[in-house]
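The numbers here are math on the coordinates, done by the rules we state, and not lab data. It should be emphasised that the depicted structure is a prediction, and the values quoted were computed from it without experimental measurement. Note: ideal-geometry Cβ built from the backbone for every residue, glycine included; neighbour counts use all protein chains shown.
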Amino acid sequence: MKPDFTSLDIVAFACSGTPIGINIPNYDDIRQTEGFKNVNLGNVYPKHSSKTMKFVSESDKDLMVKCGHDSLTLQVALHELLGHGTGKLFTKDATTGELNYDPSIEHPYNGGPITTAYLSTETWSQKFGKLHSGYEECRADTVALHLMHFEEPFQIFFADKKQDWDDIYYTCWFAQMYGAFKGLEFFDIEKKQWKQAHIWGRWVILNVFRESGPDMLKITFSKTEDGKDTFHFELNREKLRTVGFKGLCTFLDKLHTLKSIGDFQGAEKFFDHYSQVDETMLKVREIIIANKVPRRLELQPNLQMEKKDAPEYKEYDTSFEGIIQSYCERYPKQEVDAVFTEWQSKFAIYRHV
């Protein structure tokens, strides 16, 4: 059960999107009795460029370029290892009625007994339904932001960069907020739903941050030189470790507790409050969508055994053709042909329609 952080450098990840960190398995009964495995894919991290960043100050851009990799390393490690990796579920055996917790423990918010524990026949994802994915990603990110308030994580990861600790800390917070803003396109206005779990979680954290103090997040609307609407946002860095951290602690206490005791109704009401997108943010959403650029594509190399004594590292041209070629040379021909045949059949249907 001892936490273990393993970082791997990979040659290629054979799917359409490469994760930065992985925490498995997703079976809570196994995680709580046997443990879990956690890996960090250290050479997958995106490289930040000030040219592609919008709606923020030049100083924030500079910090993202300078500390973006280190802040993401810390965020992912704490998110996967101690975010997803912590939290006991209070469970009642469906057959015997036996509890895996002390029945004398009082409910932290009403002082009464705990009455919402999980049955041994149900998982937390079953009990929380559609809420569980966004809720869990938010909890993992919040745990990470909470823990990086202290020096121990920085001593472990960046002992030789003490002069940059505060910049890395700020960049972790800033990256969360920036990701929430960019992710507004994943909010379905008609259904009032978030369509991506990680972004949903970040958005909740952003609203917690806004609620922690009236001057914690400043949004300024303006016009570009060609008359288009735009905006600019900035965080109150001076109050980040005081007001911001206090608000985060209060939020995490309840977020974590409601999951542990299996209080779905309380968790749903609590989480929904911070999931809302108000009129100001709907205006921000319109501007972000109007300025949307194509998502980045991943071009990955291959290892080929052209010679018997050693593998050969093969790179490809940074183009659509290069990406396609890399996929074709990554898989056996019959698999590529099967995918192409399937695509042809679907394309013919769509073309006919």
Starting from the coordinates of the alpha-carbon atoms of region 1-159, obtain the Kirkwood hydrodynamic radius over all distinct pairs and give the value in Å to one decimal. 18.5 Å
Among MET281, MET305, MET177, whose mean-square fluctuation peaks in a Gaussian network model of the chain (Cα, cutoff 10 Å)? MET305
Of the options TYR331, LEU303, ALA267, report the single residue whose Cα projects farthest towards the positive end of the charge dipole of region 251-353 (beta-carbon charges: Lys, Arg +1; Asp, Glu -1). ALA267
Could you check the spin-label model distance between ASP229 and LYS269? Points 7 Å from the Cα along Cα→Cβ, value in nm. 3.4 nm
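Using R₀ = 30 Å, calculate the FRET efficiency as 1/(1 + (r/R₀)^6) where r is the Cβ-Cβ separation of GLN163 and VAL277; round to 0.05. All intermediate terms of the calculation are to be shown ahead of the outcome.
On the way: r = 39 Å, r/R0 = 1.29.
The pair GLN163/VAL277 has a calculated efficiency of 0.20.
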Taking only C-alpha positions in region 302-352, Rg and Dmax in angstrom work out to 14.8, 51
What list do you get for VAL11, VAL65 if you sort them by fewest beta carbons within 10 Å? VAL11, VAL65
Using helices alone, I'd like the mean residue ellipticity at 222 nm for the chain: each DSSP H run of four-plus residues gives -39500 (n - 2.57), total over residue count, nearest 500. -14000 deg cm²/dmol
Karplus 3J(HN,Hα) series, Hz, for region 178-185 with 6.51 cos²θ - 1.76 cosθ + 1.60 (x for Gly, Pro): 4, x, 5, 4, 4, x, 4, 5
Efficiency by 1/(1 + (r/R0)^6): what FRET value for VAL65 and ARG241, r their Cβ-Cβ distance, R0 = 25 Å, to the nearest 0.05? 0.60
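Taking R0 as 41 Å, what's the FRET efficiency between THR115 and LYS2 from their Cβ-Cβ distance, rounded to 0.05? Write out the running numbers ahead of the final one.
Numbers: r = 33 Å, r/R0 = 0.82.
Efficiency at R0 = 41 Å is approximately 0.75.
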Magnitude of the charge dipole, region 106-220, Cβ model with Lys/Arg +1 and Asp/Glu -1, debye to 20: 460 debye
When the chain is treated as a Gaussian network with springs between alpha carbons less than 10 Å apart, the largest mean-square fluctuation among LYS307, LYS228, LYS51 is found at LYS307
Any chymotrypsin sites (Phe, Trp or Tyr not before Pro) in region 9-113 that lie in a DSSP loop and have at most 14 other Cβ atoms within 10 Å would be PHE13, TYR27, TYR109
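Give me D for region 237-353 in µm² s⁻¹, whole number, from Stokes-Einstein with Rh from the Kirkwood sum over alpha-carbon pairs, 4 °C and 1.567 mPa s. Please report the intermediate quantities before stating the final value.
Working: Rh = 20.9 Å.
Answer, rounded: 62 µm²/s.
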Cut-off of 10 Å, at most 16 other beta carbons, DSSP loop: longest stretch of the chain lacking such GluC sites (Glu not before Pro): 226-297
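Average projected area of the Cα convex hull of the chain, in nm²?
Working: hull surface 99.4 nm².
Spelled out: convex hull of the Cα atoms, projected over all directions, averaged, 24.9 nm².
With +1 on each Lys and Arg Cβ and -1 on each Asp and Glu Cβ, and nothing else charged, work out how big the dipole of the chain is about its Cα centre, in Debye to the nearest 20.
Roughly 640 debye for the chain.
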Taking the Cα centre as origin and putting +1 on Lys and Arg beta-carbons and -1 on Asp and Glu beta-carbons, what dipole magnitude results for region 159-302, to the nearest 20 debye? 160 debye
